[in-house]
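To keep things clear, I will list the structure first and then write my remarks on it.
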Amino acid sequence: MKKFRLTSPIGGLALVLAGLCGCASTPPPLAEVARADTAIALAEQSDARTYAPVELDSAIMKLRQARASMVTEDFPTTRRLAEQAQVEAELAQAKAQSGRAQQSVQQVRESIWVLREEVSGTPY
C-alpha cells in the first residue's frame, strides 16, 4: 500500500479537501427568519387576528420553532420553518384583506338597500 505524504500533490489535495469539509457548514438563515418576522408583523397589522387567526397562530408557532432550531444550529430546519412561517403569515394577511373587503361590500349592499327603501317608500 502506498503512503501519501503531505508534501505530495495528492496528500496536499487531501488535506485541503479535509479542511474545506470542516468549513462548509450551512450559514444561519438570518434573512429568512427576518422575512418571516416581518410577514407576521404585517399580518398582525392587517387584522389577521380577526380574519385568519389559525393561519397567524401557525405562522407564529413555526417562527418560534425556527428560532429554536437556530439555537441548535439546525439551519436547514430553521430555513424551512422560517419560509413556511412567512408563507402562512402572507396567507393570513391576504385573508384579512379579503375579509375586510367582504365587510366593505356588505356595508355598501346594506346602504343600497336602505336607499332603495327610502326612495320607494316600501321595503324590498
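Values quoted throughout were computed directly from the atomic coordinates according to the rules given, and no laboratory measurement underlies them. No experiment lies behind these values; they were computed from the predicted model shown. Ideal geometry is used to build each Cβ from the backbone, glycine not excepted, and the neighbour counts take in all protein chains shown.
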Quick check: pseudo-label points 7 Å beyond the Cα along Cα→Cβ at V114 and L42, how many nm apart are they? 3.5
Alpha carbon centre of segment 23-62 versus segment 69-91: separation in Å? 8
